[in-house]
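The next block holds one structure in the form of structure tokens; read it before the comments.
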Amino acid sequence: MPDQWPDHFDIEKSPEADLFFGFIQQGMESLKALDEKRAKWARQNLPADYELTYIFHEHAERVARDVENTALYLGLGDIVARNLYWAMLPHDIGKALLPVNIWDTIEKPDGHLKQLRRSHTDLGVQYTAPRLPEDHPFTALMLDIMQSHHENMDGSGFHGTKGEHLSLPVRLACIVESFDGYRIRRPHFGSRDISTAGVLERMRHEKGADFYDMDLFEAFASMKQQASTQQETTQTTAKG
Ligand SMILES: [Fe+2]
Ligand SMILES: [Fe+2]
């Protein structure tokens, strides 16, 4: 298990950079194609007022930026931040290997459907591993995140892996993944507060250390709060 922040290589300067970026780009295109198929499927099969809010390729870009910005906020440096950004981006490409009709449901999914959706982690790893250089540290980082971005510290996540076996990059990935999921309104959310502050509060108090590495969580929360304050200030200034 890679237990350090990835500071011993720079993916953008790696001799294999083209290979990795080509792979990631292709993965992102297949996710985008899945999003387009979902939109069409939803139009044909779901009530006219159903809004497709959780767009996978947009989610991927947001969480990759969040991981990068948290690394910078922690003072881990540009190289670590960049390596984490690129490793996070393709974390959900396994979704493109699953049927189009399992993602958009009115009710919160359970049973078989839930299991099928959850298999995007393993499917992604099975697809990715044979296509990238086995002994490259970036391959290891990317596969680590792909496999374990839905785990919880107490072992209640997708694979039941406990915090002691989750690397720091994975722990951070799990936090940003969880945050982004809560920020997007979905039919089963009801009237829940999905503002940045509301979601951070919910994560801190309802999930807390059972789910997250709280040192990383608080760094992430400060970074997000700072960014949303800056955004509000910019908006106010622009209006003023
Ligand atoms: Fe995922
Ligand atoms: Fe995700």
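The values are calculated or read from the model by the stated rules, or taken from the named source; none is laboratory data. Just so you know, these numbers come straight off a predicted model, no measurement behind them. Backbone-built Cβ (ideal geometry, glycine too); neighbour counts: all protein chains shown. The accessibility values were calculated without ligands, DNA or RNA, using every heavy atom of the protein model including side chains. Shrake-Rupley method; radii C 1.70, N 1.55, O 1.52, S 1.80 Å.
Coupling constants for segment 34-49 follow from the phi torsions by the Karplus curve (6.51 cos²θ - 1.76 cosθ + 1.60, θ = phi - 60°), and in residue order they are 4, 4, 5, 5, 4, 4, 5, 4, 5, 4, 7, 10, 10, x, 4, 8 Hz; glycine and proline get x. Taking chymotrypsin sites (Phe, Trp or Tyr not before Pro) across segment 196-240, none is in a DSSP loop with at most 10 further Cβ atoms lying within 10 angstrom of its Cβ. Accessible surface area normalised per residue over the chain is 51 Å², counting heavy atoms of protein chains with a 1.4 Å rolling probe. Between Lys108 and Ala227, residue separation times 0.36 nm minus the direct Cα-Cα distance comes to 39.8 nm.
As a fraction of the 1.4 Å probe accessible area of the chain, surface on carbon and sulfur atoms comes out at 49 percent.
Of all lysines in the structure, those lying under 16 Å Cα to Cα from Lys162, and not within fewer than 8 positions of it along the same chain, are Lys207. Projected label points at Ile184 and Glu58, each 7 Å from Cα along the beta carbon direction, are separated by 0.8 nanometres.
Quick one: grab the alpha carbon gyration tensor of segment 19-96, order the square roots of its eigenvalues as a ≥ b ≥ c, and give me rounded if a/c is under 1.5, else prolate or oblate depending on whether a/b is larger than b/c. Walk me through the intermediate numbers first.
Working: a/c = 5.07, a/b = 1.99, b/c = 2.55.
Because a/c hits 1.5 or more and a/b fails to exceed b/c, segment 19-96 counts as oblate.
Within segment 1-72, the GluC sites (Glu not before Pro) that combine a DSSP coil assignment with at most 12 other C-beta atoms in a 10 angstrom radius are Glu51.
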